[in-house]
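Asks: Below you'll find the structure I mean.
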Amino acid sequence: MTLDIGVVGTGMMGQDHVQRLATSVPHARVVAVSDVNLEQAKRVGEGVGARVYSDGRDLIGDDQVRAVLIASPGFTHEEFTLACIAAGKPVLCEKPLAPTTDACLRVLEAEAALPRRLVQVGFMRRYDDGFRAMKERLDGGEVGRALLLHCRHRNAATAPGFTSDMMITDSVVHDIDVTRWLLGQEVVAATVFKPRPSSKAPEGLQDPQLVLLETSEGVLVDVESFVNCQFGYDIRYELVAETGTVSLGEVAAVQLRQQGRYQGRIPADWRERFGAAYRRELQEWVTGALQGRTTGPSAWDGYATTAVAEAAVASLGDGGRTTVELVDRPALYA
Ligand code: ISE
């Protein structure tokens with residue numbers, strides 16, 4: 001059996017997903033792509049023999065499209081995800097589910113009225129071997145209860161137009177999702193601290209930032225967001241628990257020891273660092289869709305993460321501790 005997929009958005013992530021689906025995900029076929037930049041969509045579509053649309057809504061309405069991957073800009077996600085829900089098609093939506101909690105709630109409400117989930121949100125770290133191993137160790141009880149979680153999220157450099165708020169809404173959202181998933185707890189408050197900005201960051205960007213999250217069971221989580229660190233894409237985690245710590249392993253396939261030094265490669269960006277995780281995410285999504293089920297990060301996870309990011313952005317603005325209030329969790333996400 002093959003899943004016929006339509007990909008909305010053929011920018012950097014959309015192109016990446018199209019290539020992956022076409023070359024390394026068994027039982028997947030890209031049959032349609034769309035982008036407001038029709039020329040770009042044509043180039044990407046031609047490469048895999050897919051039909052091309054300029055409007056994502058037409059792609060979602062295409063009868064041959066059985067499942068949809070949304071990789072267009074965040075402000076379009078609500079509309080396209082709602083259209084997929086209305087059409088009864090499984091949808092993998094890149095993060096964020098939507099940029100505001102109100103928009104996320106509209107998606108949640110539409111999906112919660114269905115007998116089963118259709119929406120998965122693209123938090124790919126949950127599919128990474130290292131993050132999965134950390135969770136297994138914690139859940140297996142080897143180190144006791146979690147007390148603290150230290151997270152470092154570093155990008156080499158930002159694209160033009162990247163803002164201080166985006167350091168939270170684009171980057172720290174992944175750490176918020178990992179926190180909730182790894183610990184199995186909601187985040188109840190966020191406070192953002194602002195060290196002096198790096199002279200290597202574009203003028204006006206508050207880079208780095210230190211985001212402090214508090215969970216429902218009292219675990220403190222500090223996230224360093226440093227998006228112009230210059231040296232590569234560097235993701236580090238250390239969980240401190242009652243009888244031990246669990247750290248995310250180094251990712252270099254080999255380390256070279258030579259002439260009194262050791263060396264290993266640092267990934268250039270998240271596409272390199274999480275390439276295998278993206279593949280597994282797509283594979284599990286395709287397998288589930290073919291079997292009529294949706295697993296993985298849910299619309300609830302997308303909503304809760306946006307709510308925490310919103311609180312952190314408010315704290316970045318006024319420096320205060322901001323609490324997070326979530327609505328009651330609908331039964332579909334029990
Ligand atoms: C980017 O948009 C991503 O989603 C990456 O996973 C993240 O690590 C990076 O910081 C973001 O800018």
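Asks: Within region 73-83, identify whether any single residue is modelled with pLDDT of 95 or more, within 16 Å of the ligand (Cβ to nearest atom) and among the hydroxyl-bearing types (S, T, Y), and answer yes or no.
Replies: Yes - at least one qualifying residue is present in region 73-83.
Asks: Filter region 140-164 down to the residues that are within 16 Å of the ligand (Cβ to nearest atom) and without any contact (Cβ under 8 Å) to a residue 60 or more places away in the chain, then identify the one that is nearest to D222 (Cα to Cα).
Replies: Step one: list which residues in region 140-164 are within 16 Å of the ligand (Cβ to nearest atom), which gives 151-164.
After this cut, where a residue has to be without any contact (Cβ under 8 Å) to a residue 60 or more places away in the chain as well, the list is 159-161, 163.
Values: A159: 25, P160: 27, G161: 26, T163: 20 Å.
Checked region 140-164; the qualifying residue nearest to D222 (Cα to Cα) is T163.
Asks: Oh, and also: Looking at (1) of a type outside the set (A, V, I, L, M); (2) away from the ligand (no atom under 16 Å from the Cβ); (3) exposed (fewer than 14 other Cβ atoms within 10 Å of the Cβ); (4) more than 22 Å from S216 (Cβ to Cβ), which is the only condition D328 fails?
Replies: (4)
Asks: Of the residues that sit in region 57-74 and are touching a residue at least 60 places away in the same chain (Cβ under 8 Å) and exposed (fewer than 15 other Cβ atoms within 10 Å of the Cβ), which one is nearest to A98 (Cα to Cα)?
Replies: Applying the filter and picking the extreme gives P73.
Asks: Only one residue in A314, A304, A289 is among the aliphatic types (A, V, I, L, M), under 17 Å from the mean Cα position of the chain (by Cα) and more than 24 Å from C229 (Cβ to Cβ). Which one?
Replies: Working: A314 fails: under 17 Å from the mean Cα position of the chain (by Cα); A289 fails: under 17 Å from the mean Cα position of the chain (by Cα).
After ruling out the rest, the residue left standing is A304.
Asks: What number of residues within region 99-113 satisfy the criterion of being of a type in the set (A, V, I, L, M, F, W, C) and under 15 Å from A86 (Cβ atoms)? Break it down into steps so the answer makes sense when it comes.
Replies: Residues of region 99-113 that are of a type in the set (A, V, I, L, M, F, W, C), as a first pass: 103-105, 107-108, 110, 112-113.
With the extra rule that they be under 15 Å from A86 (Cβ atoms), the set shrinks to 107-108, 110, 112-113.
Final tally of qualifying residues: 5.
Asks: Can you tell me which residue in region 165-190 is surrounded by the fewest Cβ atoms within 10 Å (Cβ to Cβ), limited to those that are within 13 Å of the ligand (Cβ to nearest atom) and either in a loop (DSSP other than H, G, I, E, B) or not β-branched (V, I, T) (or both)?
Replies: My answer is D165.
Asks: Restricting attention to region 69-107, report how many residues are of a type in the set (A, V, I, L, M) and either assigned to a loop (DSSP other than H, G, I, E, B) or over 30 Å from V313 (Cα atoms) (or both).
Replies: Within region 69-107, residues that are of a type in the set (A, V, I, L, M) and either assigned to a loop (DSSP other than H, G, I, E, B) or over 30 Å from V313 (Cα atoms) (or both) number 5.
Asks: Quick one: which of V221, V211, V227 is crowded, with 19+ Cβ neighbours inside 10 Å and in contact with a Leu (Cβ under 7 Å, 6 or more places away or on another chain)?
Replies: Sole residue among the options that is crowded, with 19+ Cβ neighbours inside 10 Å and in contact with a Leu (Cβ under 7 Å, 6 or more places away or on another chain): V221.
Asks: Restricting to region 248-289, and then to whatever is touching a residue at least 12 places away in the same chain (Cβ under 8 Å) and among the hydroxyl-bearing types (S, T, Y), can you tell me which residue is surrounded by the fewest Cβ atoms within 10 Å (Cβ to Cβ)?
Replies: T287
The values are calculated or read from the model by the stated rules, or taken from the named source; none is laboratory data. This one's a predicted model, so the numbers in the text were calculated from it and none came from an experiment. All Cβ positions, glycine included, derive from the backbone under ideal geometry; neighbour counts span all protein chains shown.
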